[in-house]
Amino acid sequence: MEPTTLPHTQSNPKNGSTDLNWINRYTQLAPVLYTRTRPTPLPQVTLQAHNADLAEHMGLSAEWITSNEAAQVLGGNHLLEGMDPIATVYSGHQFGQWAGQLGDGRAIMLGELALPGSAIDGTELQLKGAGMTPYSRMGDGRAVLRSSIREYLCSEAMYALGIPTTRALSLVTSPQPVYRETVETAAVVARTAPSFVRFGHFEHFAARDQIANLRALADYVVERYFAPAAQHASGTPARYAALLSDVAERTARMIAQWQAVGFCHGVMNTDNMSILGLTIDYGPFQFLDGYDANHICNHSDTSGRYAFARQPQIAYWNLFCLGQALLPLIEDEQQTIAAIDAYKPALETAMLSAMATKLGLPASTPGIADIANPLLTLLQKHRVDYTLFWRELSSATQLNRTPPITHWFAGDTAWDDWLLSYQELLTPDQRALAGNLMLRTNPRFVLRNHLGQTVIEAAQHGDWAPFARLQTVLAAPYDEHPGFDDLAALPPAWAQQIEISCSS
């Protein structure tokens with residue numbers, strides 16, 4: 001795989017006219033933190049999907065991103081000049097148990113797009129499903145078509161919802177067989193993020209008592225991504241306590257957004273937690289259909305550890321694991337706990353703000369929890385569809401009418417009482433403005449499991465039209481999209497039988 005040359009792009013209004021430059025600053029760290037690893041080529045690669053907006057933002061021309069060369073690069077068959085591919089090592093807790101060394105078992109970072117002075121300087125490009133690495137353990141390093149479709153669609157759906165996330169640049173397929181529960185075909189998702197560093201990276205070096213490497217990694221992320229912590233000198237406990245506190249607050253804000261939109265991650269292991277507070281590693285995820293706080297979206301999660309309502313608690317537990325890893329640098333247990341506990345007020349503030357916005361109320365409205373919690377109890381009791389409920393309430397509030405959803409509550413007078421109390425919080429003149437806010441907050445379209453499954457089955461038979469159609473609404477989830485009503489409807493009965501596991 002000899003490097004090829006990246007063509008110059010046209011003038012980009014976001015970044016100006018510039019030549020693209022690929023580097024890899026992670027390789028400035030000690031070699032023990034990573035291994036240089038080239039992707040394993042795939043036969044007969046086809047670029048099935050690409051993210052035109054993201055490509056433009058990165059400075060990749062429309063001509064290049066749709067070219068055969070792009071398919072070869074983004075499928076792992078060629079490298080561009082300056083790319084220095086690596087796989088990184090990390091460890092972690094999986095389902096609450098220490099799993100030891102893990103690492104990028106099927107993900108290879110090609111490098112960073114360096115545009116000094118640009119907002120996208122340092123954007124990392126990673127191929128998921130690019131073949132074996134030194135950290136693949138017993139795996140083949142490949143990703144299958146179904147999991148790749150789910151990751152591509154969901155990461156972009158989350159981005160459109162305004163939730164911090166990694167992003168998907170492309171989806172490349174190959175007829176090469178991959179063996180999971182059945183024989184499937186291979187696919188590669190090219191995904192981007194400012195950084196793919198995880199909690200587990202820090203756990204790895206702390207567990208091995210490699211304090212110099214732990215400090216070097218912490219300094220690397222502080223100096224690149226955490227400006228407030230960078231005000232403290234390297235080697236001072238205050239720097240690493242500030243890092244931990246900032247991570248806790250970022251994580252809290254992300255979790256609040258998950259809970260507000262009804263997103264279940266499904267596998268919140270510490271090695272799946274981003275140090276930047278990004279949603280990362282889309283495996284057995286799900287957006288709630290009928291509201292159930294105890295819903296478990298991961299078929300492999302037999303204990304319910306990662307049930308929807310437990311996500312805030314699990315994030316806090318994971319932060320304790322990160323805090324334990326950073327303790328040798330902070331050097332004080334109480335200071336470490338105090339940094340972790342920045343999570344609690346940040347989560348409460350973010351949750352109250354998110355629920356207030358969903359209800360069309362100012363964040364300063366007193367007693368938001370007293371308004372939201374009885375509503376969630378009603379939704380739980382009657383298993384009301386979470387996304388449809390909020391959208392119907394939003395439309396009804398905007399039009400100053402009673403939402404036509406009373407039948408969802410089976411004559412429960414507690415619903416009538418709640419609705420009356422809620423409507424009394426807004427004068428008729430306020431309702432139109434509140435409804436407008438709600439319609440920009442409560443999406444009409446989310447990536448429901450049955451929609452993803454329908455797209456997957458069509459793509460497996462060579463039909464990518466349903467993929468493109470679904471991608472259209474997920475890219476603008478708050479718009480009405482006339483003619484796409486079927487993608488916003490209640491899920492069919494067969495959707496209840498879909499089981500999503502870690503291999504998905």
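The values are calculated or read from the model by the stated rules, or taken from the named source; none is laboratory data. Just so it is clear, the model here is predicted, and its values are computed rather than measured. Note that each Cβ is placed from the backbone with ideal geometry, even for glycine, and that neighbours are counted across all protein chains shown. Surface areas here come from the heavy atoms of the whole protein model, side chains and all, with no ligands, DNA or RNA. Shrake-Rupley method; radii C 1.70, N 1.55, O 1.52, S 1.80 Å.
S136 falls short on exactly one of the conditions (1) open to solvent by less than 40 Å² (accessible area, probe 1.4 Å); (2) assigned to a strand (DSSP E or B), and that condition is (2). Of the residues making up the range 472-496, those that are of a type in the set (S, T, N, Q) and either at pLDDT below 95 or on the phi > 0 side of the Ramachandran plot (or both) number 1. State yes or no: is T387 modelled with pLDDT of 95 or more, in contact with a Gly (Cβ under 8 Å, 6 or more places away or on another chain), open to solvent by less than 30 Å² (accessible area, probe 1.4 Å) and more than 30 Å from A49 (Cα to Cα)? Judged against the criteria, T387 is not a match. So for the range 449-471 (the condition being out of contact with any helix residue (DSSP H, G or I) (no Cβ under 7 Å at 6 or more places or on another chain), part of a helix (DSSP H, G or I), of a type outside the set (A, V, I, L, M, F, W, C) and touching a residue at least 60 places away in the same chain (Cβ under 8 Å)), does at least one residue qualify? Within the range 449-471, not a single residue is out of contact with any helix residue (DSSP H, G or I) (no Cβ under 7 Å at 6 or more places or on another chain), part of a helix (DSSP H, G or I), of a type outside the set (A, V, I, L, M, F, W, C) and touching a residue at least 60 places away in the same chain (Cβ under 8 Å). Taking the range 276-317 as the range and being out of contact with any strand residue (DSSP E or B) (no Cβ under 7 Å at 6 or more places or on another chain), under 20 Å from K381 (Cβ atoms) and surrounded by fewer than 20 Cβ atoms within 10 Å (Cβ to Cβ) as the test, the residues that pass are D292, A293, N294, G304, A309, R310.
Using the structure shown, decide if A52 is in contact (Cβ under 8 Å) with a residue 40 or more places away in the chain and either closer than 28 Å to A307 by Cβ or surrounded by fewer than 18 Cβ atoms within 10 Å (Cβ to Cβ) (or both). In short, no. All of E203, E249, E223 fail the test of being buried (at least 24 other Cβ atoms within 10 Å of the Cβ) and farther than 27 Å from S170 by Cβ, apart from E203.
Here R137 passes the criteria (1) under 28 Å from N21 (Cα atoms); (2) out of contact with any Asp or Glu (no Cβ under 6 Å at 6 or more places or on another chain) except the one numbered (1).
Does the range 440-450 hold any residues that are surrounded by 15 or more Cβ atoms within 10 Å (Cβ to Cβ) and under 20 Å from I163 (Cα atoms), and which are they?
T441, N442, P443, R444, F445, V446, L447, R448, N449
Among the residues of the range 123-133, those that are among the polar types (S, T, N, Q) and either at pLDDT 95 or above or part of a helix (DSSP H, G or I) (or both) comprise Q126, T133.
Taken together, the residues in the range 20-38 that are in a loop (DSSP other than H, G, I, E, B) and in contact with a strand residue (DSSP E or B) (Cβ under 7 Å, 6 or more places away or on another chain) amount to 3. The set of residues in the range 413-431 that are modelled with pLDDT under 95, open to solvent by less than 70 Å² (accessible area, probe 1.4 Å) and more than 19 Å from S364 (Cβ to Cβ) contains only Q423.
The residue pairs whose first member lies in the range 395-421 and is hydroxyl-bearing (S, T, Y), whose second member is open to solvent by 10 Å² or more (accessible area, probe 1.4 Å) and part of a helix (DSSP H, G or I), and whose beta carbons are closer than 6 Å, counting only pairs six or more residues apart or on different chains, are T397/R431. Of all residues in the range 353-373, those satisfying the criterion of being open to solvent by less than 60 Å² (accessible area, probe 1.4 Å), on the phi < 0 side of the Ramachandran plot and free of Cβ contacts under 8 Å to residues at least 60 places away in the same chain are A356, I368, A369, I371, A372. Here W98 meets the list (1) farther than 30 Å from T472 by Cα; (2) modelled with pLDDT under 95; (3) not in a loop (DSSP other than H, G, I, E, B) almost entirely, failing just condition (2). The listed residues are A493, A465, and the only one of them that is surrounded by fewer than 17 Cβ atoms within 10 Å (Cβ to Cβ) and farther than 18 Å from I149 by Cα turns out to be A493.
Do we have any residue at all in the range 114-122 that's outside any strand (DSSP E or B), of a type in the set (D, E, K, R), over 23 Å from T37 (Cβ atoms) and over 20 Å from the mean Cα position of the chain (by Cα)? Yes, that holds for at least one residue. Out of (1) closer than 28 Å to T46 by Cα; (2) without any contact (Cβ under 8 Å) to a residue 12 or more places away in the chain, the odd one out for E424 is which? For E424, the failing item is (1). May I ask you to list pairs of residues, at least six apart or on different chains, whose Cβ atoms are under 7 Å apart, with the first in the range 287-298 being outside any loop (DSSP other than H, G, I, E, B) and the second being of a type in the set (K, R) and surrounded by fewer than 18 Cβ atoms within 10 Å (Cβ to Cβ)? Short answer, once both residue conditions are applied: G290/R383.
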